[in-house]
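The values are calculated or read from the model by the stated rules, or taken from the named source; none is laboratory data. Just so it is clear, the model here is predicted, and its values are computed rather than measured. Here the Cβ is made from the backbone with ideal geometry for all residues, glycine too, and neighbour counts use every protein chain on show. The protein model used for the area step is the full one, side chains on, heavy atoms only, and it has no ligands, DNA or RNA in it. Shrake-Rupley method; radii C 1.70, N 1.55, O 1.52, S 1.80 Å.
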Amino acid sequence: IEGPGIIDGNVTNQSGSNGGIWINGVANVTLFQVGIRNAYGTGIVGGGPNTHIYFCPISNTQSTGIFLAAPGTESWSGIVIQGCVVDRSMIAGNANAYGYGIMLHGHEDQAHSLLRPRIIDNTVLLPLEPTTDSLGIEVHAGVYEADVKGNTIFQGSMGISVSTEVDGTSVFGNIITNPSGNGIELAESNNVTAFGNTINGNGITKTGIG
C-alpha cells in the first residue's frame, strides 16, 4: 500500500477498539507513506512475515501507534519499521494505560517468535509526565536479534523497554528526551547490548539505563 494518503478515524464518533490498519498474518505487506490519525484504537496492528512499514505518520491514536505481535502458531522474520512518526503527545497522560508508541511482541515459548526485526530511525512523541504507562518503544517476550537503532523519543513514562525473554537485541544510537521514568529498561533478557544512546533525564524519576 503506497501513499501519500491519510486514513482519518474521526475518533469522536467511534467506540470500542477500532484502529487504522489490521495486517492479519499476511506475508510480504509493505506500507509506504500511509498516514493514520484519530483512530480510537491502534494505528497499525497485527503483522506477518516480511511486514515493512516505511515513513508512515501516525497521530492521535487512542491506543498504541504500531503494535506487531507473533500469533502463537508460527514465527515471523523480516519485520522492518523505519522512518515513521508516531505522535501521541496530544493525548492526556491519564487517558489510556496502553498507549505506547511502537510495540513488538513474540512468545516466551521461543517456538513462535519474532526473528531479527528492525526498528530504525523512527520518531515517537508521547504525553508529558503521564500518570499511566506510556512507552516509546517496547520489545517484549520472544523477540530475537532485534535492532532498535537511531530512534528519537520524546516524553512518556519510559523511552525504550527490552523485557522478558528477549535475546540478542541491540539498542544503539537512540535519543530519548524527558521520560518521567527510565530512559532504557533492560529486564529479564539475555545478550542485550545498549551503546551510543543519548538520554536527557530532565524530570526523570528512575534511572537512565535500568
Residue-normalised accessible area of the range 157-205, given per residue in Å² at a 1.4 Å probe: 40
Mean Cα-pair separation over length for the chain, i.e. relative contact order, pairs under 8 Å, 6 or more apart, %: 13
Reference-scaled alpha-carbon Rg (2.2 N^0.38 Å with N residues) for the range 98-177: 1.06
Ordering of 137-146, 115-124 by packing [mean C-beta count within 10 Å, highest first]: 137-146, 115-124
Over the range 1-82: Kirkwood hydrodynamic radius from C-alpha pairwise inverse distances, Å: 12.8
Nonlocal amide H pairs with Asn200, under 5 Å, H built at 1.01 Å: Ile176, Thr177, Asn178
From phi via Karplus (6.51, -1.76, 1.60), per-residue ³J(HN,Hα) for the range 176-193 in Hz, x at Gly/Pro: 10, 10, 6, x, 7, x, 6, x, 9, 10, 10, 9, 6, 9, 10, 6, 9, 10
Debye-sum result for the range 130-183 in log10 I(q)/I(0), which assumes one identical scatterer on each alpha carbon, at q = 0.16, 0.20 Å⁻¹: -0.45, -0.68
Debye log10 I(q)/I(0) for the chain, one point scatterer per Cα, at q = 0.18 Å⁻¹: -1.26
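In the chain, what percent of the accessible surface is made up of carbon and sulfur (1.4 Å probe, ligands and nucleic acids excluded)?
48
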DSSP beta bridge pairing in the chain, given as percent antiparallel to the nearest 5: 0
Per-residue HN-Hα couplings for the range 77-83 [Karplus 6.51, -1.76, 1.60; θ = phi - 60°; Hz; x = Gly/Pro]: 10, x, 7, 9, 10, 9, x
In order through the range 19-35: 3J(HN,Hα) via Karplus (6.51 cos²θ - 1.76 cosθ + 1.60), integer Hz, x for Gly, Pro: x, x, 10, 10, 9, 9, x, 7, 7, 6, 9, 10, 10, 10, 6, 9, x
Within a Gaussian network of the chain (alpha carbon springs, distance under 10 Å), most fluctuating of Gln155, Gln62, Gln33: Gln33
